[in-house]
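Take a look at the structure below.
The values are calculated or read from the model by the stated rules, or taken from the named source; none is laboratory data. Because the structure is a prediction, the values reported are computed rather than measured. As a convention, Cβ positions derive from the backbone with ideal geometry for all residues, glycine included, and neighbour counts pool all protein chains shown. Side chains are part of the model used for accessible areas, which takes the heavy atoms of the whole protein and leaves out ligands, DNA and RNA. Shrake-Rupley method; radii C 1.70, N 1.55, O 1.52, S 1.80 Å.
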Amino acid sequence: MTHKYGIILHGGAGRYRLFTKEFIEKRKQELKKAALYSFDELKKGSALDAVEAAVEYMEDSGLFNAGKGSSLTITKEVEMDAGIMDGKTLRCGAVACVKSIKNPIKLARLVLEKTDHIFLAGPGAEKVAEILGMKREPIVVTSEKIRKFEKAFRLWLKGKWGTHLFRLKTIYRDFIEGTVGAVAIDKYRNIAAATSTGGYSLKLPGRIGDTPLVGCGFYADNSAGGASATGIGEYLTLIFACKTACDFMRQGVSAMKAAEATIDILTRRFGLHTGGIITVDPMGRLGFAYNTQGMSKSIMTSGMSEPAVAVFPEEDHIMLKFIKK
Ligand code: GLY
């Protein structure tokens, strides 16, 4: 094992060259803080607590497409999805299409801990949240969100939008921009993964992507590894992105090579600009890969003094020097 424990986080894969330098810098700083915040949890000993903390931090940030920062559906509403998995027990919890939950990842954790189910959706999930003592809190639709919505909606009116599966990458690629996720291994070698998203702008009401689907947007199994995905959810679902990466790791492939092999499959089936993934293998090695312009990501391990953060391929060496292929 390369280190005693470690965590890798992502803040979404996408067309980062469209963003301003200031925005990218802000996202990097938030990722760094999320890494530090969750690493404190990891030091206490639980990978599951650490990935929940990482995702909770990014949901609260407003800078990512999850929780507070969630994008709007075509009916100008927020519908959020999240999932979390414990690699020790294979227990998992997921929620979809929730509208008034501040931290969907916390509700997913409650589904894991307190129910006999693995996946709750819509009003039922919100009712269970209330029963389990969570406060309902609608996500504020800010003027910035309306501005983004109007821009996307204008394209939609011009016919540059649609929902045909094989046009998704040209239609939505400018608007996938900030699903969040984390994968960690703790000192007991337990692995956990968590992912949360607002989906993407102009998605149809009721649409559910990869994020809350076990094996697609998240997966963890101590005997294989853990993964969290980001990108166009329909494609990631069709290749079972996270289970695919874990299946590679189960065969002894390193986290980095498993991530690369999975994104290779994604690219071959659906083309470039479709997604990214982060991984951890049972030996504690971390990995990431993406076929988009960039993917914001951060790592922190017990051997490091501060988190490493990178967005673009030309910066990835900052993280790669801490990663064993
Ligand atoms: N990967 C996030 C989504 O498509 O919803």
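Just a few scattered comments:
- At the residue level, VAL183 shows approximately 0 square angstrom of accessible surface with a 1.4 angstrom probe and all protein chains present.
- Length added when fully stretched, THR115-GLU25, from 0.36 nm per residue minus Cα-Cα: 28.4 nm
- Computed extension gain for ARG15 through GLU315, at 0.36 nm per residue and net of the alpha carbon distance, reaches 106.4 nm.
- Difference of contour (0.36 nm per residue) and Cα-Cα distance, LYS44 to ILE131: 28.4 nm
- Ranking by accessible area, most exposed first, for LEU132, LEU107 with a 1.4 Å probe: LEU132, LEU107
- Pairs of alpha carbons in segment 262-325 whose separation is greater than 14 Å (percent): 58 percent
- Rg of the Cα atoms in the chain, relative to 2.2 N^0.38 Å, amounts to 0.89.
- Given +1 at the Cβ of Lys and Arg, -1 at the Cβ of Asp and Glu and no other charges, the dipole of the chain around its Cα centre is 620 debye to the nearest 20.
- When the chain is described by a simple charge dipole with +1 on each Lys and Arg Cβ and -1 on each Asp and Glu Cβ, the residue from MET283, GLY69, HIS273 located farthest towards its positive end is HIS273.
- ARG269, ARG27, ARG147, ranked by accessible area, largest first (probe 1.4 Å): ARG269, ARG147, ARG27
- Coupling constants for segment 128-133 follow from the phi torsions by the Karplus curve (6.51 cos²θ - 1.76 cosθ + 1.60, θ = phi - 60°), and in residue order they are 4, 4, 4, 4, 7, x Hz; glycine and proline get x.
- Candidate residues THR142, THR73: accessible-area rank, largest first, probe 1.4 Å: THR142, THR73
- Under the Karplus curve 6.51 cos²θ - 1.76 cosθ + 1.60, θ = phi - 60°, whole-Hz ³J(HN,Hα) for segment 185-202, x wherever Gly or Pro sits: 10, 9, 5, 8, 6, 8, 10, 9, 9, 8, 9, 8, 7, x, x, 8, 4, 6
- Computed from the Cβ-Cβ distance with R0 of 25 Å, the FRET efficiency linking LEU272 to ARG250 stands at 0.35.
- Pairwise label distance in nanometres, LYS325 with ARG91, each label 7 Å out on the Cα-Cβ vector: 4.0 nm
- Between the amide H of CYS97 and those of MET80, ASP81, GLY122, distances stay under 5 Å, these residues lying 5 or more places away or on another chain, with hydrogens modeled in the peptide plane.
- Using alpha carbons only, the radius of gyration of segment 1-157 set against its Kirkwood radius gives Rg/Rh = 1.00.
- Heavy-atom accessible surface of segment 244-308, averaged per residue, reaches 33 Å², computed with a 1.4 Å probe.
- Distance in nm between pseudo-label sites at ARG154 and SER223 (7 Å out along the Cβ direction from Cα): 5.5 nm
- In range of the label at THR75: residues from segment 121-135 whose backbone nitrogen is under 12 Å from the point 7 Å along Cα→Cβ: 123
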